[in-house]
Amino acid sequence: MTITSAPKIEFINHSSVLISNEEVGLLSDPWYQGDAFHRGWNLLHELLDDEIKELLNRITHIWISHEHPDHFSISFFNKFGEIIKEKGIEILFQETKDKRVEGFLKAKKFVVRILETNEWIKISNNCKVFNFKDGFYDSGLAIDISGKKFLNLNDCEIKSDSRCSEVLELVGECDVLLSQFSYAAWKGGRDNTLWRKKAAEDKLSTLSKQVKYFKPQVLIPFASFVYFSNTANFYLNDSVNTPNKVLEYFSDSKGVGIKVMKPFEVLNEFVLKDYDNNEALEFWNHSFAISNDTQKNNFETKDLDDLNNSFEVYKERIFKNNSKFFIRLLRMISPVPAFRTIMIQLHDINQVVKLNFFQDSLITTDSDPDISMSSESLDFIFNNMFGFDTLTVNGCFEELKKGGFSKMTRTLAIENLNNIGISVNFSIFLRIDLIILFLSRLFTVSKKINSQLIKKN
């Protein structure tokens, strides 16, 4: 690395950038190889082992924004962990109640520093960082280095005027803004093209609003260099934003310079101007084109015996982390129907099963299904605390009955709450703010599904 007092930013891949000066090399969210979200996502471009090893020679810190696998890649830390430890690279992460990421890293003997929330933390003589939380899992990071301020919003949903104002109050304006530029989750099923188009438009509108509030000289669109890579979700790529669409959207804007970057491209000039994006656009256009012809991921088939064994594991985990009595009580009296029976079509084994927390096993039925998914997707939910969250991100399911998604969520999202430190018991009322946030997001999704149904009819 060239010794210079001036800061620079090097794009690595997807949500990963290296911000550095002569003292510090701060790397964000290293995911460079393999799939994510249960074979639902793949990178548009993967890095080679030698490229990653060379990169690790140039860093002092790794910041992880949140636990999702496209940001916290366990395979990366397993594969390159010895190099990271050998070089004494410090890993920065947010405060969490579950301490799952922190515990994993410390058990592997990594050097871990938990960043206090909403405080400027000095990590070198001329570099300080400010970590703030967003939503259920995510966090953003402001980096003040050698007189320049970078704001990394990755997937943070900083999209309303009120939320932009809140974050602005915390971190102030910035020189460089990094933010997600396309949608990254299920959008209502195969027939809901309108929702996906609207979601793509909303992402661009969000970028514009973030620029308005944070007033960067340079906007670097990132955190969307992936594609939906499973046979069950590949259709979701039909309306995604590309870097070209970002540039087209901002073509009339004179308030910010847009810099699209390809892997290992370096930027050390942070001024408002028309940046040369030709090489990066050619690179990503080629990568998007290749993804269309790449072999898609598939799921394996699980039989009912496999699923019932996993169901036992699932119920044991649910009732260990939540009150069985309170779940049953809410099931009976809650004004928002929760923990009700779900009819799930397992399309690969041509069975519909009835799922109920209080039944001994999955029961096959002739009833009309609420939801369709593969047997392996259901098995993944049963065996992983992030299983349902993963399903909603990879989009490998279909709603078959109006309200089916909401019904499924009000039951299976119980572990989404557990993952942010909320147990379903009497103490749940102490976290009413997060419950309201959860219900409001569910209402928003349901409203969008229904609006698409109305438009189609």
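Read-outs throughout are calculated quantities, based only on the coordinates presented, and are distinct from any laboratory measurement. Quick caveat, the model's predicted, so the values are computed rather than measured. Cβ sites come from the backbone with ideal geometry, for glycine too, and all protein chains shown count toward neighbours.
For segment 114-128, 3J(HN,Hα) computed residue by residue from phi via the Karplus equation (6.51, -1.76, 1.60; θ = phi - 60°) reads 8, 7, 4, 7, 6, 9, 6, 10, 7, 10, 7, 4, 10, 9, 9 Hz, glycine and proline entered as x. For segment 1-156, rounded, prolate or oblate, judged on the Cα gyration tensor with a ≥ b ≥ c (square roots of eigenvalues), a/c < 1.5 rounded, else prolate if a/b > b/c? Taking the square roots of the gyration eigenvalues as a ≥ b ≥ c, segment 1-156 is rounded.
Report the extension gain between S367 and R340 in nm, rounded to one decimal, defined as 0.36 nm multiplied by the number of residues separating them, less their alpha carbon distance.
Values: separation 27, 0.36 × 27 = 9.72 nm, distance 1.48 nm.
Taking S367 through R340 to full extension adds about 8.2 nm, to one decimal.
A straight Cα-to-Cα reach below 25 Å connects K99 with the lysines K79, K85, K87, K108, K109, K122, K128, K133, K315, K320, K324, residues fewer than 8 places away in its own chain not being considered. Here's how it looks for Y275: its modeled amide H is under 5 Å from those of I258, which are all 5 or more places away or on a different chain.
Could you order the peptides 381-390, 223-232 from most to least packed, using the average number of other C-beta atoms within 10 Å per residue?
Values: 381-390: 20.3, 223-232: 23.2.
Sorting 381-390, 223-232 by mean packing, highest first, produces 223-232, 381-390.
Provide the percentage of antiparallel DSSP beta bridges, counting only those with both residues in segment 223-378; round to the nearest 5.
Details: 7 of 11 bridges.
In segment 223-378, DSSP labels about 65 percent of beta bridges as antiparallel.
Of interest is the spacing of the C-alpha centroids, which for segment 77-110 and segment 249-302 amounts to 29 Å.
Phi-derived couplings, Karplus 6.51 cos²θ - 1.76 cosθ + 1.60 at θ = phi - 60°, listed residue by residue for segment 206-212: 4, 4, 4, 5, 4, 4, 4 Hz, with x used for Gly and Pro.
Taking 17 Å as the cut-off, the amide N atoms of segment 134-158 that come nearer than this to a point 7 Å along the Cα-to-beta-carbon line of L170 belong to 134-144, 150-158. Amide H contacts for I91 (H built 1.01 Å from N in the peptide plane; partners 5 or more residues away or on another chain; cut-off under 5 Å): I62, V111, V112, R113. Beta bridges per DSSP, both residues in the chain: antiparallel share near 60 percent.
Calculate, for D306 and R100, the FRET efficiency according to 1/(1 + (r/R0)^6) with r their C-beta to C-beta distance and R0 35 Å; round to the nearest 0.05.
Rounded to the nearest 0.05, the efficiency is 0.85.
Using per-residue counts of other Cβ atoms within 10 Å, averaged over each peptide, order 16-25, 256-265 from highest down.
Those peptides, ordered most packed to least, come out 16-25, 256-265.
In deg cm²/dmol, rounded to 500, what helix-only [θ] at 222 nm does the chain give when every DSSP H run of at least 4 residues adds -39500 (n - 2.57) and the total is split over its residues? Provide the component values of the computation, followed by the final result.
Working: 14 runs with 170 residues, N = 457.
Result for the chain: -11500 deg cm²/dmol, rounded to the nearest 500.
Would you list L47, L281, L307 from fewest to most Cβ contacts within 10 Å? Each step should come with its number before you reach the end.
Details: L47 20, L281 16, L307 23.
With the fewest neighbours first, L47, L281, L307 line up as L281, L47, L307.
Shown here is the pair-distance distribution of the chain: with all Cα-Cα distances grouped in 20 Å bins from zero up to the longest one, the shares run 24, 57, 19, 0 percent. 3J(HN,Hα) along segment 261-274: 10, 9, x, 6, 6, 10, 10, 10, 10, 10, 10, 6, 6, 7 Hz, from the Karplus curve 6.51 cos²θ - 1.76 cosθ + 1.60 with θ = phi - 60°, whole Hz, x for Gly and Pro. In terms of Cα atoms, the Rg and Dmax of segment 97-176 work out to 14.0, 42 Å.
For every other residue with a beta carbon closer than 12 angstrom to the beta carbon of P369, add +1 if it is Lys or Arg and -1 if Asp or Glu, then tell me the sum.
Working: positive: K354, K401, K407; negative: D366, D368, D370, E398, E399.
Summing Lys and Arg as +1 and Asp and Glu as -1 gives -2.
Close amide H contacts of L400 (hydrogens built in the peptide plane, cut-off under 5 Å, sequence separation of 5 or more or a different chain): I371, S372.
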